Every structure is written in C-alpha cells, then in structure tokens.
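What follows is calculated from the coordinates using simple rules that are stated; it is not laboratory data. What you see is a predicted model; the values in this text were computed from it and never measured. Here the Cβ positions follow ideal geometry from the backbone for every residue, glycine too, while neighbour counts run over all protein chains shown.
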Amino acid sequence: MSRIFISYRRDDSAGYAGRLYDRLSQRFGGDQIFMDIDTIEPGLDFVEVIEKAVGSCDVLIALIGRQWLTIADATGRRRLDNPEDFVRLEIATALDRNIRVIPVLVRGATMPRSTDLPDVLKKLSRRNALEISDTRFHYDVDRLIETLEKVLGVSEPLPPRPKVRRKEKAVPARPSSWRWSSFLPVNSSWAAILRRTKMRLTTSSPSTSCTCPTTTWPRR
C-alpha cells in the first residue's frame, strides 16, 4: 500500500502536485505515492475508498494554494463546506485517524485560520506548514523529503542528482611515428652548408683576408 498521500485541488495546485509526485517517486518509488482518486470504479462508495486510501498511508501532504480555501462549486457554495468534498474528506480522515498531515503552501498561499475552516478541519490550522516556492522548488522539496524520511523511517541516503558535464574538445593524439629524428634532415642540411662555406674560405686567395665571426648554433 502507498505510504504517502498527496491531497490537492485540481483548479488550485495541479501543476505543483505533478512536479511533487515526480520528485517523491524518484526518492521513495511511485508505488509509495497516492495522488488521484479519479479512478474510483463505478458502483463503489467513494467515501469508503477515500477512507481506505488515506487510512493506509503514514503521512498526508495537503497542497494549499491561494484559492484552496475559497473555491466554490457550480451553485456558488464553498467546496470545503460540502461534507462530500474530496479534499475535505481526505484531510478530515487523516486528522481523525491521527495520521501525520503536512500542509504545503504553494503559489504564495498563507496558512488558513481555524475560523475560516469547517469544524472537521480546524485541527489543520495547528499543523506546522512548509512552503514551496517557484524560485527554490528543488531546495524546498528536499526539505520536505528529509521530513518524510524521518516519518517513514527511511535511512538510505538520497541519491545525488546527475551533474551536467561540459563537452570538452578532443585533443588529437600524437602520431606513433613522431620522433626527434625527424629533425635530422634539417641538421644535415645546415651541416652541408657549413662544409661548403669552409671549403670556399680555405681555397680563397692568400691575398684575400677574411675575418669571419664564430657562429654558435643552438642545440636541438
């Protein structure tokens, strides 16, 4: 059975619920996360299904956005005031069974006051909340994961996120045939030039004087 239940309103925080589900699934496994009850089969009592699903979890995450408290149905009545509202049933069941409930505030929402909640949800206002913002989403979710690890008794370290490696330029390999000896023909050419020059100086006329400076050739 799933150990983490994500409660959310589709019109209020569906995007955050999906991203949170993905992160928690990476850490705890998708089979440990329960998020949607839209797959209730025809003919089943949805109240019993919700109570069973929530009752089998160790922790319930209540995603609360800016419209969570005020969203109304087609008749204009606030959904939280409807005893058959799914979100109300989920959170009320968890509070009644003393299951850990973690309010998670998104989209800049604030924690509802007890006076704004129906009686079955008033205990929610006393639960310490955690905020998830757009600018530090992964950091805030990491904090939530640390709390869930303690609640669930998970001790395995969190796997590191893969780092993006920069593409390095390939360095061409030096040919195996490369040798210092490849420079020998150049040295031989210089030696031939020196020999020819010396011969010309030696065979020159005695009356011709030539003073040549000594040249020191660099070592190679």
Task: Eligible aspartates and glutamates near K123 by straight Cα distance, threshold 19 Å, same-chain separation 8 or greater - done: E51, D58, D81, E84, D85, E90, D96, E131
Task: Point-to-point label distance, S133-I40, nm (Cα→Cβ direction, 7 Å offset) - done: 3.8 nm
